[in-house]
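Here's the structure, in structure tokens; my notes come after.
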Amino acid sequence: MTELKNEKKIAFIACVNNEIYFEECRHYIEKLHIPKGYEVEILAVSDAVSMCAGYNEAMQSSDAKYKIYMHQDVFIKDTEFLDKIIQIFKEDSEIGMIGMVGGVQMPKTGVIYRAWNIGKVDCREPDLSYYLEGDTKKKQNEVVEAIDGLIMITQYDIPWREDLFVKFDFYDASGAFEMRRKGYKVVVPYQETPWVIHDSSFAKLNNYDVNRQICLKEYPEFLYAENGYEFSYNEEWDKLSKALAEEIKQMLGSGNFREAVATIEAYKKTGRKDSELELLAVMCDIIRLEEQFQAKKRFFCGISGYQDIYKKYITVRFLLRRMELGFPQEEYGELERAIKKNEISYEAITTIMLHSTIDKVHVLKELERYYEESAQIENAQKIRQIYNKIKTADLPVVYMRKIDAR
């Protein structure tokens, strides 16, 4: 491990297995304001055998005092993010770690992913988008017992327990507990609005219970609260959903769109949920609606192979988000040009927008303008109808579990 630290250096560290997501993650990092006198480096760890191993590898290779461990699907939207976290660290040298979401009263059951009750994050799941919020009464930074691993920021290097957690679960709780064992505080800052976006899938739980048992054995002093959730996992559904997702991807990749749509409709009737299937369901909704309304330009036509289909869908999702967040026009200009030239169907753009944006009102205003400027009057009118229905609606918020009286 590098002993001599650069006090004016910040390292972003991510384990990467999806380059499309990581490039977008990097785009947001490069937009951040860098405090005067500081420098930034970005370290991507490929082929990590576990999150702990990947983080240790990057930690040992960097001399940065401040390290930001983050998922590749986290996008930092507050451009003053670096200024804020450094200020928090400088105000209290006992703070060792910062996260955006965390909790107190860690449960005896060890089901920690359901124990968060403090903080905020902008969540973008495959099928819906919302703000996740904890206890909103206190407008101050709060000391917590553990934080979610979507982003974990440190000013002291404590080794990640790759000897214990050899997959991708519990590295976050363990990291917070190890920091506390060394006598440092773990903090979730007050956020008026969420500082980061987590464009996440549902938690994969196939290895969770094994690691939960390890956590219970290693950290009993930190797991004490009653009324925690019991662990629940349906292995049969996990295997079936993976197999079904692969079948649908093959259908889409080979152009069997109607078969894919029919299969997804059958999945929807089961009432079960799976991240990859929900993503595929949105794609199939585009196909179904384009067929229903006889769109002249079909979103996925002319694309061979599922990976290219996926890339096009995700690219438009990201460009719509840039528009939503008010980025400079040149950062999503290719989407504007495609809409104005009628190279992307109304059905595709509105389906993706409705599933993947939170501030839909802002996006709808932009889309209406594009359609009007390109004389697509009918589409402009339909956009205006959607706008009128939702213009006074509150932004969607999901609240975490309440904190029990202490």
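Just so it is clear, none of the values below were taken in a lab; they were calculated from the coordinates. None of the values given here were measured: they were computed from a predicted structure. Because the Cβ atoms are built from the backbone with ideal geometry, glycine has one as well, and the counts that use them run over all protein chains shown.
Compute the FRET efficiency between GLU221 and LYS90 as 1/(1 + (r/R0)^6), taking r as their Cβ-Cβ distance and R0 = 25 Å, and round to the nearest 0.05. Numbers along the way, then the final one.
Values: r = 30 Å, r/R0 = 1.19.
That pair, GLU221 with LYS90, gives E of 0.25.
Apply the a/c threshold of 1.5 to the C-alpha gyration tensor of the chain and tell me whether it is rounded, prolate or oblate. The partial results should precede the final answer.
Details: a/c = 1.84, a/b = 1.51, b/c = 1.22.
Prolate shape, in that a/c is at least 1.5 and a/b is the bigger ratio.
Enumerate the lysines that LYS120 could reach by cross-link, defined here as Cα to Cα under 17 Å, with residues fewer than 8 away along the same chain left out.
LYS77, LYS84, LYS137, LYS138, LYS139, LYS402
Mind listing the long-range amide H neighbours of VAL16? Cut-off is under 5 Å, sequence gap 5 or more, other chains count too, H placed in the peptide plane at 1.01 Å from N.
Close amide H contacts, sequence-distant or interchain: VAL45, SER46, ASP47, ALA48.
Over the Cα atoms of segment 6-232, how large are the radius of gyration and the largest Cα-Cα distance (Dmax), in Å?
For segment 6-232, the Cα-based Rg and Dmax read 16.4, 49 Å.
Report relative contact order for segment 54-191 in percent, whole number only (criteria: Cα-Cα under 8 Å, sequence separation at least 6). Don't jump to the answer; show the numbers that get you there.
On the way: 221 pairs, mean separation 45.5, N = 138.
About 33 percent, as a whole number.
Please name which of MET353, VAL196, LEU395 has its Cα lying farthest along the dipole of the chain towards the positive end, using unit charges on Cβ (Lys, Arg +1; Asp, Glu -1) and the Cα centre as origin.
LEU395
Using the alpha carbons of segment 41-127, what is the convex hull volume per residue in cubic angstrom, as a whole number? Could you put the intermediate results ahead of the total?
Values: hull volume 14.7 nm³, N = 87.
Looking at segment 41-127, the number lands at 168 Å³ per residue.
Any idea what the alpha-carbon Rg over 2.2 N^0.38 Å comes to for segment 236-390? Could you put the intermediate results ahead of the total?
Numbers: Rg = 16.1 Å, N = 155, 2.2 N^0.38 = 15.0 Å.
Dividing the Cα radius of gyration by 2.2 N^0.38 Å gives 1.08.
Which lysines have a Cα less than 23 Å from the Cα of LYS389, not counting those fewer than 8 places away in the same chain?
Counting by Cα, and skipping residues close in sequence, LYS389 has these lysines nearby: LYS360, LYS365.
Can you pull out the GluC sites (Glu not before Pro) in segment 316-393 that DSSP calls coil and that have at most 13 other Cβ atoms within 10 Å?
Working: sites: GLU324, GLU330, GLU331, GLU334, GLU336, GLU343, GLU347, GLU366, GLU368, GLU372, GLU373, GLU378; in loops: GLU343.
Here the sparse-neighbourhood loop sites are GLU343.
Taking a cut-off of 13 Å, what percent of all Cα-Cα pairs in segment 1-69 are separated by more than that?
Working: 1517 of 2346 pairs.
Across segment 1-69, Cα pairs with separations above 13 Å total 65 percent.
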